[in-house]
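Comments concern the structure below.
Please treat every number below as a calculation from the coordinates, not as lab data. Small disclaimer: the values here were computed from a predicted structure and weren't measured. Cβ sites come from the backbone with ideal geometry, for glycine too, and all protein chains shown count toward neighbours.
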Amino acid sequence: MYTREQASQLRQAFWTTFGQYIAPHPSAEGLKINWSNYKTGIKHVYFRMRAETKVASIGIEITHPDPELQELFYEQFLELKGYLHETLGEEWEWDLHTTNEFGETITRIYKEIRPVNVFNREDWPALISFFKPRIIALDEFWSDAQYSFESLK
């Protein structure tokens, strides 16, 4: 069992390692990008990567406090579902109005892998191999799709 500080340091070490590994890869538009803290440019729409003790996930999270506006964003993503899955090369889970770890209502489009443990350095190659192609594919999708969300800004 790790202390809170040790757990924080291990998580930070993983994300630093991931960032160093993926840093040489430019965005779909050829720009330098912070892959670990991806900015969509649209408030309340995030690309999130999580690595925990039993599961890792990557996804699109819609966190608007108004559930009706969350649903509008979700519907817009549904319009692009075929293109998203084609770009990703796989199908993802779609959850309208689920609850996050803080009890807030959010909407998620995501993919998970199990069992992996961010605290086990032997799992890091699997985690990096899971995250890297998917965040790059999300960026490729977003470089075209973001314009569909202009009216929702």
Answer check: the chain, Cα atoms, Kirkwood Rh, Rg/Rh ratio of 0.97
Ignoring everything except DSSP H segments at least 4 long, calculate the 222 nm mean residue ellipticity for the chain; use -39,500 (n - 2.57) per segment, divide by total residues, nearest 500. -13500 deg cm²/dmol
Using alpha carbons only, how many degrees (0 to 90, rounded to 10) separate the axis of helix 4-22 from the longest principal axis of the chain? 70 degrees
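Taking the highest mean first, how do the peptides 60-67, 4-11 order by number of other beta carbon atoms within 10 angstrom per residue? Before the final figure, lay out each step's value.
Details: 60-67: 17.0, 4-11: 11.6.
Per-residue Cβ counts within 10 Å, averaged per peptide and sorted highest first, yield 60-67, 4-11.
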Once both labels are modelled 7 Å past Cα along the beta-carbon direction, what's the Lys153-Ile42 spacing in nm? 1.1 nm
Cα-based Lys proximity count in the chain, under 24 Å, for pairs eight or more positions apart or on separate chains: 16
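Counting other Cβ atoms within 10 Å, which GluC sites (Glu not before Pro) in the range 71-105 have at most 12 and lie in a DSSP loop? Please list the in-between numbers first.
Values: sites: Glu71, Glu75, Glu79, Glu86, Glu90, Glu91, Glu93, Glu101, Glu104; in loops: Glu90, Glu91, Glu101, Glu104.
Answer by residue number: Glu90, Glu91, Glu101, Glu104.
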Considering the dipole of the chain built from charges on the beta carbon (Lys and Arg +1, Asp and Glu -1) around the Cα centre, which of Thr40, Leu127, Phe14 is farthest to its positive end? Phe14
The chain: angle of helix 67-79 to the longest principal axis, Cα-based, in degrees nearest 10: 90 degrees
